Structure formats: structure tokens, C-alpha cells
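Note sheet for the following structure.
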Amino acid sequence: MSILNTFVADIKNRKSFKELDKRKNVTDEYTNSEYPHLTFKINNIADYMEIISVLSKVKAEDFVNGEIIYRGMSDKDWKLIPTLGRYNDLSEGQEYNLVHNLLSLRPEAFVNLNSNFEILSKMQHYELPTRLLDFTTNPLIALFFACNDLINKKDARIVCHRACVDISNNPIIEAICGFYNYFTQDDILLDDLKISPQKYIRSLYRQKDERILVARPLYWNERIQRQNAIFMIFPNRLFDQYGLWAYGGRIDYERHWNNNKNYTSLEMIEKEPLKKMYKFADQRDFYITHSSVSKMFDFYEADDTIKQALTEWKEPFKKRFSFRSEIEPIEPDTLKKEFCSIIIDKKIKETILHELRTLGIDEAYVYPELQYTARKLKNIYLV
């Protein structure tokens, strides 16, 4: 258990949750490999609002800036990963090319933006693949997005998360959103992020409550305002290349050991409990995770005689880890403890859209541009 109760634990402790469970509004969908967490099901909008009421009451007072955020998806099997991370063959330089070419072709659209996060937020709005994933603070907007695609004959899903909503100029967020400046991930050193390597890794992987980076964009147009937009920010995968070298003499270990530039790092790594930190099934197991970082820091912080090593780690730390082109997915353990889902049967999508229209939530509201209002009038008077 984390310092704070996990989101799911807080939900399950409420009496109102137990009532939902009795009425079979809680499903066994949590066994789904993509979403191994607490899952609800609804039959109508009243069920939905009852679940939302339960979730809204678990905003822990000590969870600073805490908000419940929602993501509506018309297919319950879609993965919870941003568009940039959905390309299995994502290669070095592709994010650089996407962002810099749009900046070059339409510089006037980005001239008044003051941060990397603001730049990516605006590009996300215009459907350029980025490392940002859309959420909303309005549960009715999420429900609309989950049900609006009637062509997709699949059950829908709304993913819910209790987030710590950050300011857009947070240095960690700015560093991650600035990755587009590098043609290859090998060009990025931890030192280039303008924050200490220890702070970067602690902030992403050592948070006791495993908070995920979430920030509110500038509400620069009416559509973003009405959609109550929030973005979840995904970093690149971080690889422990020296850990790989040190374990079992892989990749010409002796040559690396004899290199003075690597000596200090490898000497430290040899003392670490690598077998506890990583699984070692194959090379991929040297990706940094919450578990591996926790075990690493626990090792150094447990003994005063080696605690000082953390403050002397700047250079070895920078050289030890390298970024990969892949986007870091949310870990299953975090999904289990900090997320829940609401499943909408495909058969009731159209009914729910009708119910949402009576509440003023329809395509013309969510998309306030003129063509959507015109389409609404056409459907009312001509269809």
C-alpha cells in the first residue's frame, strides 16, 4: 500500500460501492490483460451517474490538486497509450520529424506558445500523433466519446483515474515534452533535461503513490473548454544499459569495465541487488520500472555507509541510462491500483446518446464549430 490509499482501495472501502456490487454493477472484466483493474458495467445513464458519485467521493483530502479524470473509448479493447506509442515500428527521429515539420510549415500557429507542453497540446488538438493522451474532467463528455461512434459495433470503455493535475511548466513535464527536439533518443543525456538525473528518475518511478504525469492545457478555444481537456504525459522508455553489461558479462563486459569512463558506474552496479531488481528473461527486462527503481533506491538508502553514494551519482547516473524510441506504457500494477473502468454495452450506446442529448451533451456542444451545429439542424429537420 502506498503512503496514500490507492484509488481502487478507496473506492472499495465505500458503502455505496458495496451496494453497486450487490446489484451486479461490478463485473469480472478486470481480468482483461490490458485492464487488470476494478471494472463496472452500466445499463443506463442513471447507473453511470451513481458510479460517478462513488468515484467523486474518493478525492482524498491529502491528495493535493486531486481530480478524477475520464477517458471515453468506443472500443473497450483499445490500449491506454497515446497515438505516438501505437506505432509498433516507431523509429528514431519520427517524433522529431513530425513536430519540427509542423512547426516549419505553420510557424504562425505556435508563435505565442511558451512551453513544449503547450506546443504538443496544440498539435494534439489538430490530430498530430504525440506523446499526450486525452482525458477530461467531465464524466458526461467521456460518456459521449465512448458512445458517439455507432459505426464501431463494440462495447465501449471509460477509464477513470484519480490524478494529481499539474501545472504545464513543471520541469519534469517540460523535459519529457521536449524530447521531440532530438533526432535520435541516443542524443538525449539525462543532463540535457535541465534537471538532475536522480530527480528525473525519482519523479517518474519513485513516487510512493505511483502518480502519473497529468496536466491541464491552455484553454485557448471553445472546443477545449467544453471538453474540459486534460492530458496524460507519457515519457520514453528508459533502459539500464550498464545493468545489462554488468549482469553475466553480457555485451563484452570486460571491454566496458576497462574503459575508465564506465568504471565508476560499473563498480557501483556490481554492488547492487540486480537479481532482485530485474527478471532477466531477456534484454528487455532491463527497462526501468517502479519496481526496479524502488529496489535500487531502497538498497542505497538502507545503509548509511552507502547512502552518500546517491549524492555522488551524478555522472555515473547520467551515463548509465539511455532513452529508447518506444513510449513507456503504464505498468500493470499501477493500472490495477490507480485506475478503474466502466463498460458500456454496445446495445445501449444509442440510447445513452439520446439521454445525453436531453442533458445538453451532443455533437454540436462538444464540437462548437459551425459545421457541427449545421449538422445538428440537418438531423433535426431533414432526417
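The values are calculated or read from the model by the stated rules, or taken from the named source; none is laboratory data. Predicted model only: the values in this text are computed from it and were never measured. When we count neighbours, we look across all protein chains shown, and the Cβ atoms used for this are built from the backbone with ideal geometry, even at glycine.
Which residue is farthest from residue 141 (Cα to Cα), if the candidates are limited to the stretch 337-380 and must be of a type in the set (S, T, N, Q) and in contact with a helix residue (DSSP H, G or I) (Cβ under 8 Å, 6 or more places away or on another chain)?
Restricting to residues being of a type in the set (S, T, N, Q) and in contact with a helix residue (DSSP H, G or I) (Cβ under 8 Å, 6 or more places away or on another chain), the top hit is 373.
Which numbered condition trips up residue 143, out of (1) surrounded by 23 or more Cβ atoms within 10 Å (Cβ to Cβ); (2) over 21 Å from residue 54 (Cβ atoms); (3) in contact with a helix residue (DSSP H, G or I) (Cβ under 7 Å, 6 or more places away or on another chain)?
It fails just one condition, (2).
Could you pull out every one of the helices (runs of 4 or more DSSP H) wholly within the stretch 100-193 that has 3 or more residues that are modelled with pLDDT under 90?
In the stretch 100-193, 171-177 are the helices (runs of 4 or more DSSP H) which contain 3 or more residues that are modelled with pLDDT under 90.
Does residue 342 fit the bill of being assigned by TED's automatic domain parsing to the domain that holds residue 214, at negative phi, in a helix (DSSP H, G or I) and touching a strand residue (DSSP E or B) at 6+ places or on another chain (Cβ under 9 Å)?
So residue 342 fails the test.
Looking only at the stretch 82-112, which residues are touching a residue at least 60 places away in the same chain (Cβ under 8 Å) and either of a type in the set (Val, Ile, Thr) or farther than 22 Å from residue 212 by Cα (or both)?
Scanning the stretch 82-112 gives 90, 91, 92, 93, 94, 96, 98, 99, 100.
In the stretch 325-383, which residue that is farther than 30 Å from residue 212 by Cβ and of a type in the set (Phe, Trp, Tyr) is surrounded by the fewest Cβ atoms within 10 Å (Cβ to Cβ)?
381
Residues in the stretch 352-378 that are in a loop (DSSP other than H, G, I, E, B) and among the β-branched types (Val, Ile, Thr): how many?
Count: 1.
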